[in-house]
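Below: the structure, in C-alpha cells.
The values are calculated or read from the model by the stated rules, or taken from the named source; none is laboratory data. Not measured: the values here are computed from a predicted model. Cβ sites come from the backbone with ideal geometry, for glycine too, and all protein chains shown count toward neighbours.
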Amino acid sequence: MTLLTAAETYLQDFHQRQVGVTSAAFAHLPASSRTGSWASSYDVLTSLVPAVDTPLSVLDLACGDGHLLGLLAARRQPRLHLLGVDMSQAELAAARATLPASVLLQQGRGQALDLPSASVDYLVSHMALMLMDDIEQVVREMRRVLRPGGQFAAIVGRTFLLGEVNDVFMRVFKPIASDALPPLRFGDRRTASEAGWRELLDASFADLASDDIDVPWMPMPAELWAALTDTYDIDRLDDDARQRLRSAFMDAVAPLQNGDGKIATGWGLRLVRARAA
C-alpha cells in the first residue's frame with residue numbers, strides 16, 4: 001500500500017471531518033471571466049464537455065462529493081460515461097449517496113490512477129491539482145489515461161481572496177501563522193502560474209490556454225469568517241491562534257464594510273486547458 005505524504009495525511013483527515021466543503025463553498029456562487037459567465041466554477045468545467053450522441057468518457061480527478069459529476073449526470077446524455085477518482089473515502093461515500101449507479105467511483109491518488117491507458121476523452125478537476133504532491137507524476141498519469149487528442153481542463157487557485165480584503169487578511173494572518181502554524185507544504189508552486197503550467201504540460205500536451213476566473217461574493221463579516229475556517233491553513237491553527245486571528249481579522253475588515261454591512265470579495269481562480277498531444 002502506498003504511504004501517504006504528510007500533506008495527504010492531513011487532507012484525508014480534513015475531508016473526513018469536512019465532507020463536501022469544496023462544493024459548499026463554490027457551488028452556489030456565480031463565476032465569470034473576460035470571455036463568459038457561468039452558474040458556478042463547476043459549470044465552467046462542465047461547459048467544456050460537449051453534449052453529443054457519440055460515446056464520451058469523462059474522468060473527474062479528485063471528484064470530492066461528486067458535485068461536478070452530478071451536473072454532468074443530470075444531462076441524461078445516454079452515451080456519456082462518468083468516472084470519479086478521489087483519495088477520500090468519506091467524500092466518495094457522499095458522492096455515492098447522490099449520484100446515479102451508472103457513475104463509477106474509485107478511491108485512488110492522481111499519482112497512480114487505476115485506469116487503462118488511453119481510456120478517457122475528457123479529464124477535469126476542480127480545486128485539487130494545486131494540492132497534489134509529485135505533480136509531474138500526476139501529469140504523466142493524466143496524459144497516460146487520456147486518449148490522443150483528449151482534453152484536460154482544471155480549475156485551480158489563483159489568489160486567495162478578491163479585492164482589498166485579501167491584503168487585509170494576509171496582514172493579520174502572517175504574524176500569527178509564523179508563530180502558530182506547523183510547517184506543511186501543499187502541492188507544487190508551478191500550479192499557481194500559467195508559466196508553471198506551461199512547464200509542467202509542455203512535454204505531452206498541446207494548445208495550453210488559461211483564463212482568470214473570478215468568483216465574486218458579498219458576505220457579511222461573520223459569513224466570511226465562517227468560510228475562512230474551512231480553509232486548510234486556518235483549520236490547522238490551534239484554538240487560541242484561531243481566536244486571535246478571528247479577533248484581528250474582524251477588526252481589520254470593519255472599515256471595508258459597505259452600507260449594508262457586507263464586504264466585496266470572493267475567490268480568485270484560474271482555468272487551465274490543454275490537449276493531449
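Observations, loosely collected:
- Residues that are β-branched (Val, Ile, Thr) and at pLDDT below 95 are absent from region 38-50.
- Residue match in region 101-112 (condition: over 25 Å from residue 3 (Cα atoms) and either among the aromatic types (Phe, Trp, Tyr) or under 17 Å from the mean Cα position of the chain (by Cα) (or both)): no
- Pick from region 176-196, criterion among the hydrophobic types (A, V, I, L, M, F, W, C) and assigned to a loop (DSSP other than H, G, I, E, B), ranking: nearest to the chain's Cα centre (by Cα): 186
- Some residue of region 160-183 being in contact with a Phe, Trp or Tyr (Cβ under 9 Å, 6 or more places away or on another chain), at positive phi and either of a type outside the set (D, E, K, R) or in contact (Cβ under 8 Å) with a residue 12 or more places away in the chain (or both): no
- Taking the criterion of being under 28 Å from the mean Cα position of the chain (by Cα) and not in a loop (DSSP other than H, G, I, E, B), the residues of region 253-267 that qualify are 253, 256, 265, 266, 267.
- Residue 84 without any contact (Cβ under 8 Å) to a residue 40 or more places away in the chain and either assigned to a helix (DSSP H, G or I) or not aliphatic (A, V, I, L, M) (or both): yes
- For region 1-44, the set of residues classified as within 23 Å of residue 133 (Cβ to Cβ) and loosely packed, with under 14 Cβ neighbours inside 10 Å consists of 1, 2, 3, 6, 9, 13, 16, 17, listed by residue number.
- Breaking point among (1) within 20 Å of the chain's Cα centre (by Cα); (2) touching a residue at least 12 places away in the same chain (Cβ under 8 Å); (3) surrounded by fewer than 19 Cβ atoms within 10 Å (Cβ to Cβ), for residue 47: (2)
- Members of region 101-135 that are in a strand (DSSP E or B), of a type in the set (A, V, I, L, M) and either touching a Pro at 6+ places or on another chain (Cβ under 6 Å) or within 21 Å of residue 185 (Cα to Cα) (or both): 112
- On inspection, residue 119 fails the criterion of being hydroxyl-bearing (Ser, Thr, Tyr), in contact (Cβ under 8 Å) with a residue 40 or more places away in the chain and surrounded by 21 or more Cβ atoms within 10 Å (Cβ to Cβ).
- Qualifying residues in region 195-220 (those that are at pLDDT 95 or above and charged (D, E, K, R)) - the one farthest from residue 156 (Cα to Cα): 207
- Close pairs from region 135-150: first touching a residue at least 12 places away in the same chain (Cβ under 8 Å) and surrounded by 14 or more Cβ atoms within 10 Å (Cβ to Cβ), partner in a strand (DSSP E or B) and among the charged types (D, E, K, R), Cβ under 7 Å, at least 6 apart: 147/121; 150/121
- Of 144, 96, all but one fail to be out of contact with any strand residue (DSSP E or B) (no Cβ under 9 Å at 6 or more places or on another chain) and among the basic types (Lys, Arg); the exception is 144.
- In region 7-65, the residue that is farthest from residue 125 (Cα to Cα) out of those that are out of contact with any Leu (no Cβ under 7 Å at 6 or more places or on another chain), of a type in the set (A, V, I, L, M, F, W, C) and part of a loop (DSSP other than H, G, I, E, B) is 52.
- Region 136-175, residues that are part of a helix (DSSP H, G or I) and over 20 Å from residue 222 (Cα atoms): 136, 137, 138, 139, 140, 141, 142, 143, 144, 145, 174, 175
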